Amino acid sequence: MINAPSFRANPERHGCRSGTVIALNLDEKLILIGGTEYAGENKKAVFTLLNYLLPAKGIMPMHCSANHAPGNPVDTAVFFGLSGTGKTTLSADPSRVLIGDDEHGWSDRGTFNFEGGCYAKTISLSAEAEPEIYATTRKFGTVIENMVRDDDTLELDFEDSSLTANMRCAYPLNYISNASEDALGGHPKNIVMLTCDAFGVLPPIARLTPAQAMYHFLSGFTSKVAGTERGVTEPEPTFSTCFGAPFMPRRPEEYGKLLQEKIGKHGATCWLVNTGWTGGAYGTGRRMPIAATRALLAAALDGTLAEGSFRKDPNFGFDVPVSVEGVDDALLDPRGTWADGQAYDTQAAKLAQMFADNFAQYVPHIDDDVRAAAIG
């Protein structure tokens, strides 16, 4: 990997679209990066290369975080999701052992981390909400990126996004107190697909069948939030296949098929978790309370959620719990959180149709049983 941050590409000469270039030679395993001072290009370039190489070896590369139960690596959970959906925050659970926060592989032996470190957003980071990650910003060796600081005291300003909302810190995995020593886990017992729904119509958690899991994996629905891409200042709904389309050089169906095979072989339970809006769309509703998300995930991972009662969502077909200890029942029924039920119905139908239209492009390439079950 050769990274030249001060180099500016010439689109006419170099055949690129801007002064920034990230070029990969997959055969030579050579990466050239120029015109960007964003460290994320380094890790994502390597991730893209691995996404090309590993499926041929039967290894599923995953844009996900991962953790496991204390003393029990067999009880592993992975958290798929795009930037801004909560992969780093939700996997850094003090009651579980952190395997890694962003990129992993799933082989015949289990789950393993690619990176050996973490790369967390710092905008509005607080010691109260995310104590483990906040503490890393004061440790020697943590790399602080794009943050404003006081030149005299060196104190960081976690609220000043004048440089960019995409302010970050990079730190070794062992800076998280409950991190795994070997960054290894078992075959995922639970697979969580994180989405940030700016429409405000998806429930905070839903249980997916294996066919629905493949449907949502290939859909990769979320909303781009401020700090993920230049020019994004308000949430923008988007579909990013496999929860990481820019980093997937093979056809999406190859990754979907590999995931389907591993779920079938190892029997993982799949969940869809909305960390986006409730009580209305962006601008009207509010962000899903992180305390409720954590409580729902804890119930899903310890098995108590699966033992409760579920209802079938009329718009999306997945199972939604009707009651979870420690979570307001009203939050579990997104329609009831809206002041205008008809407005909710309109938005939910709109999103369901967007799912169907987006998924149609994969229909010719997937198995008949998955196609029928997902569409059904």
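The values are calculated or read from the model by the stated rules, or taken from the named source; none is laboratory data. Remember, predicted model here, so these are calculated numbers, not experimental data. Positions of Cβ are generated from backbone atoms using ideal geometry, with glycine treated the same way; all protein chains shown enter the neighbour counts. We work out accessible area using only protein heavy atoms, side chains counted, and drop any ligands, DNA or RNA first. Shrake-Rupley method; radii C 1.70, N 1.55, O 1.52, S 1.80 Å.
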Item checked: Tabulated pairs, the range 264-280, first in contact (Cβ under 8 Å) with a residue 40 or more places away in the chain, second open to solvent by 20 Å² or more (accessible area, probe 1.4 Å) and polar (S, T, N, Q), C-beta under 7 angstrom, 6+ apart or interchain -> Thr278/Thr337; Gly279/Thr337
Notebook entry, point to check: Right, Asp319: touching a Phe, Trp or Tyr at 6+ places or on another chain (Cβ under 7 Å), open to solvent by 20 Å² or more (accessible area, probe 1.4 Å) and of a type in the set (Asp, Glu) or not?
Noted result: yes
Check: Here are some residues: Leu32, Leu53, Leu125. Which one is more than 16 Å from the chain's Cα centre (by Cα) and open to solvent by less than 20 Å² (accessible area, probe 1.4 Å)?
Finding: Leu125
Checklist line | Criterion (in contact with a helix residue (DSSP H, G or I) (Cβ under 7 Å, 6 or more places away or on another chain) and assigned to a strand (DSSP E or B)) met by exactly one of Pro73, Pro61 | finding: Pro61
Check: Across the range 93-113, what is the total count of residues that are open to solvent by less than 10 Å² (accessible area, probe 1.4 Å) and within 18 Å of Pro55 (Cβ to Cβ)?
Finding: 6
Next item on the list: Considering only residues that are of a type in the set (Val, Ile, Thr) and not in a loop (DSSP other than H, G, I, E, B), look in the range 1-37 and name the one that is nearest to Phe247 (Cα to Cα).
Entry: Ile22
Item checked: Scan of the range 155-193 for residues that are in a loop (DSSP other than H, G, I, E, B), open to solvent by 50 Å² or more (accessible area, probe 1.4 Å) and touching an Asp or Glu at 6+ places or on another chain (Cβ under 8 Å), ordered by number -> Ser177
Check: Would you pick out the residues in the range 104-144 that are of a type in the set (D, E, K, R) and touching an Asp or Glu at 6+ places or on another chain (Cβ under 8 Å)?
Finding: Glu115
Notebook entry, point to check: Identify, please: which residue in the range 267-281 is assigned to a strand (DSSP E or B) and out of contact with any His (no Cβ under 7 Å at 6 or more places or on another chain) and is, among those, most open to solvent (accessible area, probe 1.4 Å)?
Noted result: Thr269
